[in-house]
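Undergrad: Below you'll find the structure I mean.
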């Protein structure tokens, strides 16, 4: 059975690690990856540090995901260093990319009368050697893609509107190409039981249906008047999709034995 394609996300920015900004970008991308049948294996958050970015990218490449997405650090300022970190991890030079330069120039021509491209603006068109730019429909910094072995690296801006625009225009087609289906999911609410009492029946069900993933989420206080557990069950492999109803029925029977 063919495994689903895998992905990792590296989100870059001190603002994420000091609690100033919530990483909503990774959450948004995770939903799309799942929708198109991809398995997101890891989300890593790194500081604006060349060493951290280099090591983070190199570490991810060592795990050989099909897709590695970096978020943030593509802009013109001193702390925008993602592409330099990627280049260091790949042992490649940074070079001015003519296609990216044309994108940046066209964008600034539309924004202001002067088309002077300072070194800070040229920086956004300076990519790892062999990389290709992705058009940014709403911002100035292009996205960037480069293939290393079996891994496609896609670098996107951290500004959510820009990230979403590039992802929608250029990345979703990559996800669709895998022709995988999203996992089937069922969610049920279990009232009047605490998680430790659910655990034995859930464990027996999990062993009886190895192709399914079970995740319980307690809602409210266990000692409350009306304890509630939200249980999510979803398919790990395509063959298990038809077993969801059977698994829920099995679990309820197991619970009735302990009632």
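The values are calculated or read from the model by the stated rules, or taken from the named source; none is laboratory data. Here the structure is a predicted model, which means the values were calculated and not measured. Glycine gets a Cβ as well: all are built from the backbone with ideal geometry, and neighbour counts include every protein chain shown.
Undergrad: Looking at segment 166-190, which of the residues that are touching a strand residue (DSSP E or B) at 6+ places or on another chain (Cβ under 8 Å) and surrounded by fewer than 17 Cβ atoms within 10 Å (Cβ to Cβ) is nearest to residue 66 (Cα to Cα)?
TA: Going through the qualifying residues, I end up with 169.
Undergrad: May I ask you to list pairs of residues, at least six apart or on different chains, whose Cβ atoms are under 7 Å apart, with the first in segment 237-259 being within 24 Å of residue 36 (Cα to Cα) and the second being modelled with pLDDT of 85 or more and surrounded by fewer than 16 Cβ atoms within 10 Å (Cβ to Cβ)?
TA: Listed by first residue and then by second, the contacts come to 244/186.
Undergrad: Right, next: Take the residues of segment 19-38 that are in contact with a helix residue (DSSP H, G or I) (Cβ under 7 Å, 6 or more places away or on another chain) and assigned to a loop (DSSP other than H, G, I, E, B): which is farthest from residue 4 (Cα to Cα)?
TA: Of everything passing the filter in segment 19-38, 21 is farthest from residue 4 (Cα to Cα).
Undergrad: Tell me yes or no: at least one residue of segment 18-39 is more than 15 Å from the chain's Cα centre (by Cα), surrounded by fewer than 16 Cβ atoms within 10 Å (Cβ to Cβ) and touching a residue at least 60 places away in the same chain (Cβ under 8 Å).
TA: Checking segment 18-39: not a single residue is more than 15 Å from the chain's Cα centre (by Cα), surrounded by fewer than 16 Cβ atoms within 10 Å (Cβ to Cβ) and touching a residue at least 60 places away in the same chain (Cβ under 8 Å).
Undergrad: For the structure I just gave you, tell me whether residue 40 is touching a strand residue (DSSP E or B) at 6+ places or on another chain (Cβ under 6 Å) and over 20 Å from residue 127 (Cα atoms).
TA: yes
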